[in-house]
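Peer 1: Starting off with a structure, shown below.
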Amino acid sequence: MNASFDPGPLADVGCRPAGPGWTLVFVRDLKHPPEKVWAALTEPGQLSQWAPFTSARDLAETGAVTLTMIDGDQSVDMPASVTRAEPPALLEYTWGPDVLRWELAPTALGTRLTLLHTVGERAAVPKMAAGWHLCLRVAEQLLDGRPIPPIRGQIALEYGWEDLNAAYTAKLGAEEESI
C-alpha cells in the first residue's frame, strides 16, 4: 500500500433494494460550496483528474455521452446518458447498466454530497463504496487545491482498496435500509 496516502475515514453508507438491483447510498461532507463541487462532477477537465472515467463532454446538460473507463493503459468506452442536470444540486446519469445520482446540498461548512449508485448485484455495493471512497478522496484533494493523480482501476489496490472493501462490507452488513 502507498504509505504516504491517507484514505481518511469511512463515509456514511447504506444499501437499499432498487427494483431488480441495489443502491449504494454514499454520503460525504465537503468543505467547498455546491457550485465548486458541481464543476468537479461535470467538467471533463476536472472529472479526468479524479473519476474512474473520462467524459467526452460536460455532464451539465442532458443527453447521450460516452464515458471512458480508465485502468492503466487500458480504456473502455461505455455508453451513458445524462438524464437530469439541475446545477448545482442534482446530477443523474446512466453509466453502462448502472445509474448514478449525485445530490448536492449546501451546509454551513460547504456541501453534503450524496451519491446513489444503483447496481445489479448486492455483492457489488461494498466494492463500489471502496472505489468511490478513493475517487472522492482524490476529488477532495483536487478541490482543496492539492491535486494528486487519479486512483482508479488496478492501481487502487496500492491505495488500500482491499481494506476499504472489507471495511465497507462490514459496515454495510446484511442491512438493506437506507441510512
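The values are calculated or read from the model by the stated rules, or taken from the named source; none is laboratory data. Please read these numbers as outputs of a predicted model, since none were measured by experiment. Here Cβ is always computed from backbone atoms with ideal geometry, including for glycine, and neighbour counts include all displayed protein chains.
Residues checked against (1) among the acidic types (D, E); (2) closer than 21 Å to K171 by Cα; (3) over 15 Å from the mean Cα position of the chain (by Cα):
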{"site": "G45", "(1), (2), (3)": "no, no, yes"}
{"site": "P52", "(1), (2), (3)": "no, no, no"}
{"site": "A64", "(1), (2), (3)": "no, no, yes"}
{"site": "T68", "(1), (2), (3)": "no, no, no"}
{"site": "M78", "(1), (2), (3)": "no, no, yes"}
{"site": "G110", "(1), (2), (3)": "no, no, yes"}
{"site": "R122", "(1), (2), (3)": "no, yes, yes"}
{"site": "M128", "(1), (2), (3)": "no, yes, no"}
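Peer 1: Identify, please: which residue in the range 139-155 is within 13 Å of the chain's Cα centre (by Cα) and of a type in the set (A, V, I, L, M, F, W, C) and is, among those, surrounded by the fewest Cβ atoms within 10 Å (Cβ to Cβ)?
Peer 2: Filtering the range 139-155 for residues within 13 Å of the chain's Cα centre (by Cα) gives 139-140, 150-152.
After this cut, where a residue has to be of a type in the set (A, V, I, L, M, F, W, C) as well, the list is 139, 151.
On the way: A139: 25, I151: 23.
Step by step, filter the range 139-155, then rank; the result is I151.
Peer 1: Specify which of the listed residues (L136, L91, L164) is surrounded by 19 or more Cβ atoms within 10 Å (Cβ to Cβ) and either part of a strand (DSSP E or B) or polar (S, T, N, Q) (or both). First the steps, then the outcome.
Peer 2: Values: L136 fails: either part of a strand (DSSP E or B) or polar (S, T, N, Q) (or both); L164 fails: either part of a strand (DSSP E or B) or polar (S, T, N, Q) (or both).
The match here is L91.
Residues checked against (1) aromatic (F, W, Y); (2) touching a helix residue (DSSP H, G or I) at 6+ places or on another chain (Cβ under 9 Å):
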position: L30; (1), (2): no, yes
position: P34; (1), (2): no, no
position: W50; (1), (2): yes, yes
position: A60; (1), (2): no, yes
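Peer 1: Taking the range 139-148 as the region of interest, how many residues are of a type in the set (D, E, K, R) and in a helix (DSSP H, G or I)? Talk me through it step by step, then tell me what you get.
Peer 2: Step one: filter the range 139-148 for residues of a type in the set (D, E, K, R), giving 140, 144, 146.
Imposing the further condition that a residue be in a helix (DSSP H, G or I) reduces the set to 140.
Looking only at that region, the number is 1.
Peer 1: Among the residues of the range 121-128, are any among the acidic types (D, E), over 15 Å from L41 (Cβ atoms) and not in a strand (DSSP E or B)?
Peer 2: Step one: of the range 121-128, the residues among the acidic types (D, E) are 121.
Restricting the remaining residues to those that are over 15 Å from L41 (Cβ atoms) gives 121.
Retained after the next criterion (residues that are not in a strand (DSSP E or B)): 121.
The answer is yes, given that some residue of the range 121-128 is among the acidic types (D, E), over 15 Å from L41 (Cβ atoms) and not in a strand (DSSP E or B).
Peer 1: Checking the conditions here, which among L30, L24 is of a type in the set (A, V, I, L, M), closer than 16 Å to L116 by Cβ and touching a residue at least 40 places away in the same chain (Cβ under 8 Å)?
Peer 2: Just a single option satisfies the conditions, and that option is L24.
Peer 1: What strands (runs of 3 or more DSSP E) lie completely within the range 1-84 and have 2 or more residues being at pLDDT 95 or above, surrounded by 12 or more Cβ atoms within 10 Å (Cβ to Cβ) and in contact with a Leu (Cβ under 7 Å, 6 or more places away or on another chain)? Break it down into steps so the answer makes sense when it comes.
Peer 2: Values: elements: 12-18, 21-30, 53-55, 63-71.
Qualifying strands (runs of 3 or more DSSP E): 12-18, 21-30, 53-55.
Peer 1: Right, another one. Would you point out the residue of the range 100-133, among those that are without any contact (Cβ under 8 Å) to a residue 24 or more places away in the chain and in contact with a strand residue (DSSP E or B) (Cβ under 6 Å, 6 or more places away or on another chain), that is surrounded by the most Cβ atoms within 10 Å (Cβ to Cβ)? Walk me through how you get there before you give the answer.
Peer 2: Filtering the range 100-133 down to residues without any contact (Cβ under 8 Å) to a residue 24 or more places away in the chain leaves 100-101, 103, 108, 123.
From what is left, the residues that are in contact with a strand residue (DSSP E or B) (Cβ under 6 Å, 6 or more places away or on another chain) are 100-101, 103.
Details: L100: 21, R101: 17, E103: 18.
By that ranking, first place goes to L100.
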